[in-house]
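Bear in mind that the values in this text are calculations on the coordinates, not laboratory data. Please read all numbers here as calculations on a predicted model, not as lab measurements. Here the Cβ positions follow ideal geometry from the backbone for every residue, glycine too, while neighbour counts run over all protein chains shown.
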Amino acid sequence: MSAKVLGVIPARYGSSRLPGKPLKDICGKPMIQHVYENASKSKVLSKVVVATDDQRVYDAVIAFGGEAVMTSVNHPTGSDRVAEAASHYDCDYVINIQGDEPLVPPEIIDDIGSALINSPECVMATGSVPIDGEDYIKNNTVVKVVTDVNGNAIYFSRSPIPYPRNAQHAKYFEHVGIYAYTHDFLNTYTKLAPTPLSESESLEQLKVLEHGYKIKIVPAPAQYEAVSVDTEEDLQEVIRIYKERHGL
């Protein structure tokens, strides 16, 4: 029997920097619709659902023919929202797809989901993409990841890792924030106690490593370009890229 893989797109209406973010218009469609339609092209997902805490987002998803579930307004993280949504479905794996990345390619969802299914020693999988440029590497909003020889995460950091003592050997990879979990571990994950490194770096995924679990890291496809929309400037950049891709 093939694995049942649920794709969940968490989408809060409230955003301090860009209120109403999921419903921002991108060339005639709300942003959440672009994310949903791209995720629906994934071959590994059995179902896609939007998890929201706002009736306006729920209604917009239903209006374009998508599936949505209402979740608590009190969740501290997107992972908690995803876990609540997943509790309503029969599934073996859950993939958390960021609701503010309307250009997300379905191929990376497939690659991350397949990697977890084929890595029984791991409870999670996520992505990475090569980066260069000193300013970008040193930017503390860009999360970096290093792996062992088997492609499992050793550490995530906002600092440049590895330290370039021998610069010719230093290669840098940005963490791509799509997460796949076994359904059982997702429930465990939301209950894991905070850990020193996760709190110091303010990176929730570090508590997985600190509690002794393994995370598979999957290289993103070539030409990966999925801008995260956090500001009006990000939104305009996505619109520019979308128009360029579609000849608009």
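Tally Lys/Arg at +1 and Asp/Glu at -1 over every other residue whose Cβ is under 11 Å from the Cβ of ASP100; what's the total?
Overall, the nearby charge balance is +1.
Could you please report the charge total around PRO22, scoring K, R as +1 and D, E as -1 over all other residues with beta-carbon less than 12 angstrom from its beta-carbon? Each step should come with its number before you reach the end.
Numbers: positive: ARG12, LYS21, LYS24, LYS29, ARG56; negative: ASP25, ASP53, ASP54, ASP59, ASP100, GLU101.
After counting each charged neighbour, the total is -1.
In percent, what relative contact order does the range 1-104 have, based on Cα pairs under 8 Å that are 6 or more apart in sequence?
Taking the mean separation of contacting Cα pairs over the length of the range 1-104, I get 41 percent.
So what does log10 I(q)/I(0) come out to for the range 1-60 at q = 0.25, 0.28, 0.30 Å⁻¹, using the Debye formula with one equal point on every Cα and no solvent?
For the range 1-60 at q = 0.25, 0.28, 0.30 Å⁻¹, log10 I(q)/I(0) is -1.03, -1.18, -1.26.
Roughly what percent of Cα-Cα pairs across the range 108-225 reach past 19 Å?
Beyond 19 Å sits 46 percent of the P(r) for the range 108-225.
Hey, for a label at LYS47 modelled as a point 7 Å past Cα toward Cβ, could you say which residues of the range 1-31 have their backbone N under 12 Å away?
4-8
Take the alpha carbon atoms of the range 80-154, find their center, do the same for the range 184-237, and report the distance between the two centers in whole angstrom.
So the two Cα centres are separated by 7 Å.
Could you check the simple spin-label distance between LYS214 and LEU197, using points 7 Å along Cα→Cβ, in nm with one decimal?
1.6 nm
Report, in deg cm²/dmol and to the nearest 500, the calculated mean residue ellipticity at 222 nm for the chain, where each DSSP H run with n ≥ 4 adds -39500 (n - 2.57) and the sum is divided by the residue count. Write down the numbers at each step before the final one.
Details: 9 runs with 78 residues, N = 248.
-8500 deg cm²/dmol, from helical runs alone.
Would you mind telling me which residue in ASN187, ASN150, ASN140 has the biggest mean-square fluctuation in a Gaussian network model of the chain, where springs connect alpha carbons within a distance under 10 angstrom?
ASN150
Once you place label points 7 Å from the Cα toward the Cβ at THR77 and ILE131, how far apart are they in nm?
Output for this residue pair reads 1.9 nm.
Using Cα-Cα distances under 8 Å and only pairs 6 or more residues apart, what relative contact order does the chain have, in percent?
On the way: 482 pairs, mean separation 54.2, N = 248.
The value is 22 percent.
For ILE178, what residues show an amide H to amide H distance below 5 Å, using hydrogens built from the backbone and excluding near sequence neighbours?
Long-range HN contacts for ILE178: GLY127.
Assuming 0.36 nm per residue, please report the length gained on full extension of the stretch GLU244 to ASN187 beyond their Cα-Cα distance.
Contour length minus the Cα-Cα distance gives 16.4 nm.
P(r) for the range 1-104, please, calculated from all Cα pair distances in 10 Å bins and given in %.
Per 10 Å bin, starting at zero, the Cα-Cα P(r) for the range 1-104 comes out as 16, 53, 27, 4, 0 percent.
Starting from the alpha-carbon convex hull of the chain, give the projected area averaged over all orientations, in nm².
Working: hull surface 55.7 nm².
That works out to 13.9 nm², a quarter of the Cα hull's surface.
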